[in-house]
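The structure appears right after this line, and notes come after that.
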C-alpha cells in the first residue's frame, strides 16, 4: 500500500472511530483510560525493549545526548505516563455540557452544546511519552487521534500503540481511535496535512522548523506556537525584592522551556538600585547577561546586547536586559519583540497593572507572578496539549476543553421563519 | 507600487490601526459607527453615481440580471446599510469583559479576558453592502479590516471606503482601520492570503469556488462554510401538521439561502399519510420533487432522485425526498450527505429528540423548528458575519463575539513556580 493510501485509510477509520467516541459516555471513556494505564504497566518490559532498539539506532546515527535522553523510556517514563492518564480520568468531561439556555421572543430555546472536534492529528518530535499524553487527552474529549512521532522513535511508538489498541479493544472502544503513522517517510506528514475532509485539527509539537513546516503545508486548521520570547517588566513602583524573586524564578527555575523569561525590562528609575543586586543573583545562578548600553554601565558583568538578542528565545541560562524610560517604552518593546506567549509586569501601581493586563497582547499576561505559570496545570486546566499563540479557537494553554467545540441546540414547538 | 507591496503596506497599517482599536472604549467605537452611518446618508449621491459606473460596465460585460441586481446600490441599499450600523451600535461590546475568576491553591487569581482578534481579511463577491456590514461588525469588536470585494464592484467599494475613511478620521480613529484592496488583479488575493504575520483571520463569503480557493491557498486561519445541504427528518411520532408547516417553511420561505432545506427524510410509517398532502403543498408552491423509489410510489409528481441529488445544494425550488426505515437510517443518511450546516427533526418523542440533538454533527441542530433559524439574528447573536461549518473557533453563526478571542489574565502577589 502506498504511503498516501495508508494515510487516507487511517484518516477514514479515525473518522469512523470519532463517531463512536462522540457518543461514548464519560464512564466508558474513563474505564478505557484506566485500562490503558494498567496495560502500560503490564507491557512495560516489551515497551522498554522496543525502545532500546530506537535508542541503540539513535546512538549509532550519532544523535546528541540530550536527544537520546528525551528518546529513552525508563520505568520512570512509564509511571509518568500511567500517572498522567489517571489524572486525565479526574478531569471533568466537557462533552455534552451546555451553556445556559436563552429564549427567543418566538419561544425558541437556544443553547450551545460542547462536542468533540472529531479527528485530531498530532505531529511531534522524539519524546515517546507524548504518544500517551496526547492520546489520553484526545480520548477524554471524545476525539480520535492520529499520531506522527519522530521517525527515530517509531519502534517505541508502535509498541505504545499496540498497548493502547489492546486496552481499547478490551474496553469495547474502536481500536482505530488511536493510531500511529506506521512509516518513517516524511511524505506521510505531507499526506496527513491534506486530509481536510476527515481530519479536523492538526497540533504540531516540537521545534520551530517542524511547526513552520506544518503551518505552511496544512490544509487543516493548525493550533501552534512557534516560540516564547517572554518578558518581565519591572516597573518604577515595583516591590524590588519581589521583582528579584520573580525574575530569578522566571529565568532559572527551568530555563529550557517556552515560558521562561528571555528579556528583562527595567524602568530607569529603580535600575541603578535593582540591577546590581539582581545581576549578582543571576551571575551566581550561572546566567549570562546581555545588556543595553545603560545596563552595561550599571552592571559590569553584562556583555553588550545586539539587536538579535531582543528577538532571541535562548532556552538557556542567558538573559537580555534593557533599561527603559517608562512603561510606554516597555510596552513598545514588548509589542515589537514579543511572541505573544507570556508577558509579566512587577508593579505596585493600580493603573499600570490594569493597563498592562488590558493592553499587552499575549496568551497569558501576569501581574506580580512568574512567567512560568503559563501552563495548563498551573492555571487550573489540568493536563494540557501545549500552548497556542495563534488567536483562533485557543490562545494560551490548551486543556481538554480546547479539544472540543460547540454547536447550537435549538428546541421549538413548531416555530416558522416569517 | 507592485500589488505585493500594496498588500504588504495595507496589512502593516491595518495592524497598527488594530493596536489603537483594541484600546478604544466602546463609546468611541459606537460614535464612529454612527458617524459612518450619517456619512453614508450624506454621500448617498456620490456612492450611487460611482456604483452606476460598475453597473454599466457589468451590463456591457454581460453579467446576469441576478448579479446586476446584487451589484446595484439603491436608496434602499443605503438605508439598509445605515440601519445595519445602528443595530451594531446596540450590540454589547465584548472587548475587555472577563470570565469569572478562579483562584489557584497558591492564591493566583486567573480569568479569561475577551480581546479583539486583530486584523481580519474579508474576501467576498459582488454585493457592495457587505463592505459596510463587515466593516461595522469588525470595528465593533475592535478589529481592523481589509476588504476585498468583487472586481466588478470596485468603484462602488472605493466610494464606500472613502465615506468610511472620512467618518473614521472625523471620529479620531485611524483611517487604516478599514481598507479596501484598491486593485482588480486577482493576484492581490494571493498576496493577502500570505500575510500571516499581520493578518489574524480570513473570512471568505461567496460561492463554493471562491471559498475553496481561499481555504486552499491561505496561510492565515480561515472561517468558512462551503454549502448548506440541510435536512428535515420527519419522525414516526411527528405531529404531521407541524411537520408540513416546518418543511414548507424550510423549503420555500427563501429557497436561495444556505439554511433552506434541500432533502426531506420521512419515516416509513407516516410516509403514506404524510407525503401525498405534503407533496400537494410543495407542488402548489412550485417545488419540483425528486424522490427515492419508495417516494415515487407514493407521490406521482416526484421524479426519481439520483445519487447526486442527495449531495445537492439546489438553492432553488427543488427538493430531494427519501423514505427511511427508521431514525438510524435517517441519521446515517445525514452523516453521509450532510454539510454540517443545519439539521432538524420533527418528533414528539423525548428520547429521539434528545438523541438527535446530541448525536447529529451540525453547526445548528433543531427539534420542531424550521432550518431557516440558523441565522445570527434569529438565534439572538445580533448582526452576523456568516455561518461557519468548520469546527475550530466558531461553529454556526458568527456574531461580534466570534470576532474576538480570549487571553488569560493572572493576578498574583509574588507567586513563584517551584
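The values are calculated or read from the model by the stated rules, or taken from the named source; none is laboratory data. Since the model is a prediction, treat every value here as computed from it, not as a measurement. Positions of Cβ are backbone-derived with ideal geometry, glycine not excepted, and every protein chain shown enters the neighbour counts.
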_On the basis of being more than 30 Å from residue A:223 (Cβ to Cβ) and in contact with a helix residue (DSSP H, G or I) (Cβ under 6 Å, 6 or more places away or on another chain), does residue B:178 make the cut?_
no
*Say we look at the stretch A:361-385 and pick out the residues that are buried (at least 24 other Cβ atoms within 10 Å of the Cβ) and more than 7 Å from chain B (Cβ to nearest Cβ); which of these is modelled with the lowest pLDDT?*
A:385
*the stretch B:19-52: number of residues that are touching a helix residue (DSSP H, G or I) at 6+ places or on another chain (Cβ under 9 Å) and over 30 Å from residue A:362 (Cβ atoms)*: 18
*Do you know which residues across the stretch A:100-122 are assigned to a loop (DSSP other than H, G, I, E, B) and either outside the structural domain of residue A:201 (by TED's automatic domain parsing) or over 26 Å from the mean Cα position of the chain (by Cα) (or both)?*
A:100, A:101, A:104, A:105, A:106, A:107, A:108
*asked:* Residue under question is residue B:289, and the condition is that it be more than 11 Å from chain A (Cβ to nearest Cβ) and surrounded by 14 or more Cβ atoms within 10 Å (Cβ to Cβ); does it hold?
replied: yes
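Let's see how each residue does on (1) within 14 Å of chain A (Cβ to nearest Cβ); (2) in a loop (DSSP other than H, G, I, E, B):
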site: B:183; (1), (2): no, yes
site: B:203; (1), (2): yes, no
site: B:213; (1), (2): yes, no
site: B:238; (1), (2): yes, yes
site: B:242; (1), (2): yes, no
site: B:266; (1), (2): no, no
_List the residue pairs whose Cβ atoms are under 8 Å apart, where the first residue sits in the stretch B:255-282 and is within 14 Å of residue B:295 (Cβ to Cβ), the second is assigned to a helix (DSSP H, G or I) and modelled with pLDDT under 95, and the two are 6 or more positions apart or on different chains._
none
_For the stretch B:1-12, which positions are surrounded by 18 or more Cβ atoms within 10 Å (Cβ to Cβ) and within 30 Å of residue A:355 (Cβ to Cβ)?_
B:10, B:11
*asked:* Can you say whether residue B:305 is at pLDDT 95 or above and crowded, with 24+ Cβ neighbours inside 10 Å, as far as the supplied structure shows?
replied: no
*Give the number of residues within the stretch B:392-418 that are facing chain A (nearest Cβ under 7 Å) and farther than 26 Å from residue A:199 by Cα.*
11
*Could you look through the stretch B:13-41, keep only residues that are in a helix (DSSP H, G or I) and without any contact (Cβ under 8 Å) to a residue 40 or more places away in the chain, and pick out the one that is surrounded by the fewest Cβ atoms within 10 Å (Cβ to Cβ)?*
B:27
_Selection count where residues are outside any loop (DSSP other than H, G, I, E, B) and free of Cβ contacts under 8 Å to residues at least 24 places away in the same chain, scope the stretch A:55-70_ = 8
*How many residues are at pLDDT below 95 and within 14 Å of chain A (Cβ to nearest Cβ) if we restrict to the stretch B:1-15?*
0
_I'm trying to understand the selection: among the residues of the stretch B:195-210, which are crowded, with 16+ Cβ neighbours inside 10 Å and more than 22 Å from residue B:405 (Cβ to Cβ)?_
B:206, B:210
*asked:* I want to confirm something. Restricting to the stretch B:123-160 and keeping residues that are assigned to a strand (DSSP E or B) and over 14 Å from the mean Cα position of the chain (by Cα), which single residue is farthest from residue B:29 (Cα to Cα)?
replied: B:148
*Would you pick out the residues in the stretch B:238-250 that are in contact (Cβ under 8 Å) with a residue 24 or more places away in the chain and either closer than 15 Å to residue B:275 by Cα or not assigned by TED's automatic domain parsing to the domain that holds residue B:369 (or both)?*
B:238, B:239, B:240, B:242, B:243, B:244, B:246, B:247, B:248
*If you check residue B:48 against the conditions, is it in contact (Cβ under 8 Å) with a residue 40 or more places away in the chain and over 22 Å from the mean Cα position of the chain (by Cα)?*
no
*Check the stretch B:217-236 and report whether any residue there is surrounded by fewer than 20 Cβ atoms within 10 Å (Cβ to Cβ), within 13 Å of another protein chain (Cβ to nearest Cβ) and without any contact (Cβ under 8 Å) to a residue 60 or more places away in the chain.*
yes
